[in-house]
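Below you'll find the structure, written out as structure tokens, and then a few comments.
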Amino acid sequence: MNRARAVATVHGATIVGALALLLWTNVAVGGGQWFSGDDWDFLVNRRLTSLDDLLRPHNEHWSTLPVVVFRLTFAAVGLHAYWPYLLPALLAHGAIAHLAWRLMCRAGVDPWVATALSGAYLLVGAGHENLLWAFQVGSNGAVALGLWHVLLVDHDGPPDGRDLAGTGVGSLALATSTVAVALVAAAGLTGVLRRRLRAAALAVGPPTALFLLWFVAYGRAGLASHSDLHSRSLPGTARYVWEGLGGGLEDVTGLEGAGPVLVVGLLVAAVARVALAHERGGRRPPRSSAASLATAVAAVLLLALIAIGRTGAGVALARSPRYVHMVTALLLPGAGLALTALADDRWWRRTPVLAALVAVGLHGWGLLVDAAGITAASEQDHRDTLLASAVMAGSGAPLVATADTHLTPDLQLGELEQLERRGALPPPTGVGPLDRLQASAQLQLALETEPLAPFGQAPLPRLVGTSFGPVPPAPGGCATVATGPDAQIAIAFEDPGAVALRSAVGGPVHADLADRDGRRARASRRWELPGSQVRYLSVSLGGATVYLTVPPTTALTLCGVAGQ
């Protein structure tokens, strides 16, 4: 077996093995991942038969391709397993590693260094969000299609079929996620650096025109939540980009505090490698480094666009795992050139580089396993609460929630009931008392302008304890108290009922629900109590105690209660 075939075989085996390991991690560690957050928009708010659903932006992103992937998967398996939804995101991740490997090999990166670098990226635990969350098929798919676009442009000669194919691939990338804007720019820059100006125009022109048509027709609505786009200053954007580059490399390598050194060191080594290639190959190097430079520029552009689009967020967001995953992918070809300069085609210099990349991969694997366990625990609780909510809603139990009550930002109770009637939900075999109690906190507990449960009827809810002194008397069913910071009041509901609250100053109210056995729901409910206005705390189940954490005030009045 010659060297090229051996390298390709090892690279292919690395991708297959890493993807199998990633899938096992998602299914087995911590009980496995489940649907959360933005997943629900594609699951309940989009249809394949609606053009508006296919083209309407998710936040600011054109997400047609992810919507299609989610809807086809839903039609096949419902919500009975998460891994079929995650598989496309993982396959796109594997495609990113392979395309970066091909770009590195084309640019003259040492083949073994390219193989080890792409292998380390496959286990990039610092980018775990894009490896554990099916919704990130959008980001992963856009980067994979964008790198493919760059690869199709990265050749000599006049425009040909590869460039035409690249135009289509770049357009698909934009229809997958708006992060592809930076990748389309990278494809154009690759053409320019290759001195293929017509190919560069073909790479950028048609996809950009298509994107602008979509933006005018649909995309502008996605900017409604970004009304402060102009408020990020140039220095602030530069700090964001620097944090994304240096901080991301620190997270990927585990070398805390070494970000600036890594960024500068990789840049110097990559430039040295390109200069050496030019020296050996005359005016033009034997293999192009154009794509490596273009994707590195795309990493900077992507972070700058994120900085502008996420103006209200702090600089630390630049190190969010989803961005670390994408930026690292775009830096791989340049990093390959830099590491090749260190390896210098000599085994005794290559071996430490390969060993360091293996260490980076193991570090990433450790981060990934930790993240998988943490997210799985949270998502399993979320799943069991939703399943308990579906059972409760179908049982005829008294609820204060209505069909349009949001259980998560993109999932309403009525939509959950429809999923249950369609048989799309898994059986509630793992649902326990705490899950049912958390469902009660969602569906049988509310703070509204009108009482949703009987108010003023005997037996009245009882004040049974406070954290700041004895239980006050409640003559005529009303009690007035003065509370301090983090004051808590316990109210026992033997039957469904409501309590009127009025605060002199207003502020946040947190409610914890407990059952007869003293078990508390996993998460508190939170509402905003306006100053000097009445709000009704309604509870539609009996035998429960509500622990209210109320704003500090000189006058908090509770009516419809009995004293101790």
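The values are calculated or read from the model by the stated rules, or taken from the named source; none is laboratory data. Since this is a predicted model, take the numbers as computed values, not measurements. All Cβ positions, glycine included, derive from the backbone under ideal geometry; neighbour counts span all protein chains shown. Ligands, DNA and RNA are excluded from the accessible area calculation, which covers all protein heavy atoms including side chains. Shrake-Rupley method; radii C 1.70, N 1.55, O 1.52, S 1.80 Å.
Roughly how many Å² of GLU60 are accessible to a 1.4 Å probe, to the nearest 10?
Surface accessible to solvent at GLU60 totals approximately 40 Å².
Project the alpha carbons of the chain onto their principal axes and report the range along each, largest first, in whole Å.
Cα extents, longest axis first: 96, 49, 47 Å.
For the chain, find the longest principal axis of its Cα atoms and tell me its angle to the long axis of helix 161-174, 0 to 90°, nearest 10.
Here the helix axis deviates by roughly 20 degrees.
Work out how much length SER467 to LEU213 would gain on full extension: take 0.36 nm times their residue separation and subtract the Cα-Cα distance, in nm to one decimal. Write out the running numbers ahead of the final one.
Values: separation 254, 0.36 × 254 = 91.44 nm, distance 5.98 nm.
Fully extending the segment from SER467 to LEU213 adds 85.5 nm.
So for segment 313-417, averaging the separation of alpha carbon pairs under 8 Å that are six or more residues apart and normalising by length, what relative contact order in percent results?
Rounded, it is 11 percent for segment 313-417.
Computing the accessible area with a 1.4 Å probe over protein heavy atoms, can you report the carbon and sulfur percentage for the chain? Could the numbers behind the result be given before it?
Details: 14850 of 23670 Å².
Whole-percent figure for carbon plus sulfur exposure: 63.
Taking only the C-alpha atoms, wrap a convex hull around segment 1-153 and report its volume per residue in Å³ as a whole number.
Dividing the Cα hull volume of segment 1-153 by its residue count gives 136 Å³.
Rounded to two decimal places and with Rh computed the Kirkwood way over Cα pairs, what is Rg over Rh for segment 508-564?
Radius of gyration relative to Kirkwood radius: 0.96.
So, for segment 130-213, what is the accessible surface per residue at a probe of 1.4 Å, expressed in square angstrom?
Numbers: 2740 Å² over 84 residues.
Using a 1.4 Å probe on heavy atoms only, each residue of segment 130-213 averages 33 Å².
Quick one: in segment 398-448, what % of C-alpha pairs are over 19 Å apart?
Everything past 19 Å amounts to 31 percent.
Got a sec? Charge dipole of the chain, +1 on Cβ for Lys and Arg, -1 for Asp and Glu; which of HIS61, ALA199, PHE468 is way out at the positive end?
The one lying farthest along the dipole's positive direction is ALA199.
Based on alpha-carbon positions alone, could you give the equivalent ellipsoid semi-axes of segment 411-546 from the gyration tensor, as √(5λ), descending, whole Å?
Equivalent ellipsoid of segment 411-546: 30, 16, 15 Å, largest first.
Accessible surface of GLU417 in the full protein assembly, 1.4 angstrom probe, to the nearest 10 Å²?
50
Please identify the cysteines of the chain that lack any partner cysteine with a Cβ under 4.7 Å from their own Cβ.
CYS105
Would you please calculate the Kirkwood hydrodynamic radius of segment 96-216 over all C-alpha pairs and express it in Å, rounded to one decimal? Kindly include the intermediate steps, with their values, before the conclusion.
Values: mean 1/r = 0.0673 Å⁻¹.
With all distinct Cα pairs of segment 96-216 included, I get 14.9 Å.
Given the whole protein assembly as supplied and a 1.4 Å probe, what does the accessible area of ARG349 come to in Å², nearest 10?
We get 80 Å² for ARG349.
Picking from GLY119, THR405, ALA390, whose Cα lies most toward the positive end of the charge dipole for the chain (charges on Cβ: Lys, Arg +1; Asp, Glu -1)?
With unit charges placed on the Cβ atoms, the residue in question is GLY119.
As I understand it, the value is the acute angle between the Cα axis of helix 347-395 and the longest principal axis of the Cα atoms of the chain; what does it come to in degrees, rounded to 10?
Helix 347-395 and the main axis of the chain meet at about 30 degrees.
By how many degrees, 0 to 90 and rounded to 10, does the Cα axis of helix 321-343 deviate from the longest principal axis of the chain?
30
Modelled label-to-label distance, ALA523 and LEU21, 7 Å Cα→beta-carbon offset: nm?
3.2
For the chain, what is the mean residue ellipticity at 222 nm derived from helices alone (per DSSP H run of n ≥ 4: -39500 (n - 2.57); sum divided by total residues; nearest 500 deg cm²/dmol)?
The helix-only estimate for the chain comes to -18000 deg cm²/dmol at 222 nm.
Any idea of the accessible area per residue across segment 347-495, 1.4 Å probe, to the nearest Å²? Don't skip to the end; give the middle numbers.
Values: 7260 Å² over 149 residues.
Accessible area per residue: 49 Å².
From the phi of every residue in segment 455-471, what ³J(HN,Hα) in whole Hz does the Karplus formula 6.51 cos²θ - 1.76 cosθ + 1.60 yield, where θ is phi - 60° and glycine or proline is x?
10, x, 9, 6, x, 6, x, 10, 6, 10, x, 9, 8, 10, x, x, 5
Starting with the highest mean, order 165-173, 354-362 by the number of other Cβ atoms within 10 Å, averaged over the residues of each peptide. Write out the running numbers ahead of the final one.
On the way: 165-173: 22.4, 354-362: 16.9.
Answer by packing, highest mean first, reads 165-173, 354-362.
Write down Rg/Rh for segment 351-485, rounded to two decimals, with Rg from the C-alpha atoms and Rh from the Kirkwood relation over Cα pairs. Provide the component values of the computation, followed by the final result.
Working: Rg = 23.3 Å, Rh = 19.3 Å.
Result for segment 351-485 is an Rg/Rh of 1.21.
Would you work out which of GLY531, ALA504, THR549 lies farthest towards the positive end of the dipole of segment 441-564, given +1 charges on the beta-carbon of Lys and Arg and -1 on that of Asp and Glu, about the Cα centre?
THR549
Just need the relative contact order of the chain here, percent rounded to a whole number, with Cα pairs under 8 Å and 6+ apart.
15
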